[in-house]
Amino acid sequence: MQAKETCPVSDDPGLMDKRSVAGDMGGKEDAKMLESPIEQYIESLRKQVEEQDPVFLISVVVALAAIIITCVFLKYFLTSKTVRSAVLLVGLCDSGKTLLFSRLVSGKFKRTQTSITDSSAPYKAKSDKGATWTLIDLPGHDSLRAQYLEKFKSAARAIVFVVDSAIFQKEVRDVAEFLYVLLTDSVICRNTPTLLVTCNKQDITMAKSAKLIQQQLEKELNTLRVTRSAALSSQDGSVGGSVFLGKKGKDFEFSQLPMRVEFLECSALGNKAEEGEADIKSLEKSLAKL
């Protein structure tokens with residue numbers, strides 16, 4: 001039987017230290033090889049930057065900053081100016097919206113009838129800047145209001161809410177309900193278009209003043225807020241997705257709204273009817289502020 005050969009085991013501590021050192025160096029070299037591509041790339045970038053003229057580097061940074069600022073400005077301009085360039089005329093049927101639309105656009109009297117679709121035309125504000133808005137007359141019929149409001153509300157820079165001052169006492173509930181829908185709409189509350197409550201037909205003797213109309217609407221809206229909130233809460237335990245009108249714990253006032261609100265008096269017909277001029281200067285002045 002042949003004896004198996006065995007590898008001699010050295011007891012020399014020096015030799016063992018050399019092997020240990022060699023193993024450590026091999027591990028470090030492997031790690032260095034793994035890191036070297038990234039380090040080499042960073043080092044090459046650093047050298048390239050150092051070799052460049054400082055003036056050139058500054059000009060590159062300035063150019064990049066200019067591009068970023070331009071992009072931000074264009075985004076803001078396109079979303080806030082171009083998209084929201086409409087002035088909406090809304091209100092109940094026979095409040096005088098369509099005649100008011102004609103007076104603002106052409107300055108002329110025009111016989112009108114109940115609208116079943118929207119009408120639009122460019123309107124140039126009577127101011128030094130002379131900004132031009134798209135004036136849109138929305139149908140006032142109850143079955144059409146929601147449809148057309150949904151279509152145009154995102155583009156509204158201002159909303160002209162036309163009220164028939166002569167028969168306001170009879171329509172106060174209907175007027176308040178329509179206003180409530182507008183003022184609790186999440187899109188309108190987010191965009192905060194200017195609200196111009198235009199008390200029309202002031203040429204009629206029995207017409208109510210803008211101040212009285214404001215006071216009565218605040219009371220009616222306060223009552224509506226309570227009843228609507230209670231009805232929604234009883235359905236699913238919450239007040240739904242609409243925005244709460246005004247401030248909680250306080251009686252409603254128009255001053256609590258996030259948008260600018262003005263109450264104006266005007267007469268689209270005028271004192272001399274077809275032959276005379278309309279009394280709409282207060283509305284034109286407010287539209288010039290947009």
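Odds and ends about this structure:
- Every listed requirement among (1) in contact with a helix residue (DSSP H, G or I) (Cβ under 7 Å, 6 or more places away or on another chain); (2) open to solvent by 30 Å² or more (accessible area, probe 1.4 Å); (3) within 19 Å of S286 (Cβ to Cβ) is met by T192 save one, (1).
- The residue list L257, L283 contains one member that is open to solvent by less than 30 Å² (accessible area, probe 1.4 Å), at pLDDT 95 or above and touching a Cys at 6+ places or on another chain (Cβ under 6 Å), which is L283.
- Meets criteria (open to solvent by 60 Å² or more (accessible area, probe 1.4 Å) and assigned by the TED database to the domain that holds F263) for I136: no
- Residue match in the range 225-232 (condition: assigned by the TED database to the domain that holds T98, of a type in the set (V, I, T) and at pLDDT below 95): yes
- Looking only at residues in the range 195-215 that are out of contact with any helix residue (DSSP H, G or I) (no Cβ under 7 Å at 6 or more places or on another chain) and of a type in the set (S, T, N, Q), the one that is farthest from F161 (Cα to Cα) is T205.
- Of residues in the range 264-277 being open to solvent by 40 Å² or more (accessible area, probe 1.4 Å) and either at pLDDT 95 or above or among the basic types (K, R) (or both), the one nearest to K211 (Cα to Cα): E265
- Any hit, the range 148-160, residues being open to solvent by 60 Å² or more (accessible area, probe 1.4 Å), more than 24 Å from K211 (Cα to Cα), without any contact (Cβ under 8 Å) to a residue 60 or more places away in the chain and not hydrophobic (A, V, I, L, M, F, W, C): yes
- Test result for L212, at pLDDT 95 or above and crowded, with 17+ Cβ neighbours inside 10 Å: no
- Sole residue being modelled with pLDDT of 70 or more, surrounded by 10 or more Cβ atoms within 10 Å (Cβ to Cβ) and not assigned by the TED database to the domain that holds N191, chosen from L92, L74, L64, L57: L64
- Some residue of the range 186-208 being basic (K, R), under 20 Å from L224 (Cβ atoms) and in contact with a Ser or Thr (Cβ under 9 Å, 6 or more places away or on another chain): yes
The values are calculated or read from the model by the stated rules, or taken from the named source; none is laboratory data. Computed from a predicted model, the values in this text were never measured in an experiment. Here Cβ is always computed from backbone atoms with ideal geometry, including for glycine, and neighbour counts include all displayed protein chains. Note: areas computed on protein heavy atoms with side chains; ligands, DNA, RNA excluded. Shrake-Rupley method; radii C 1.70, N 1.55, O 1.52, S 1.80 Å.
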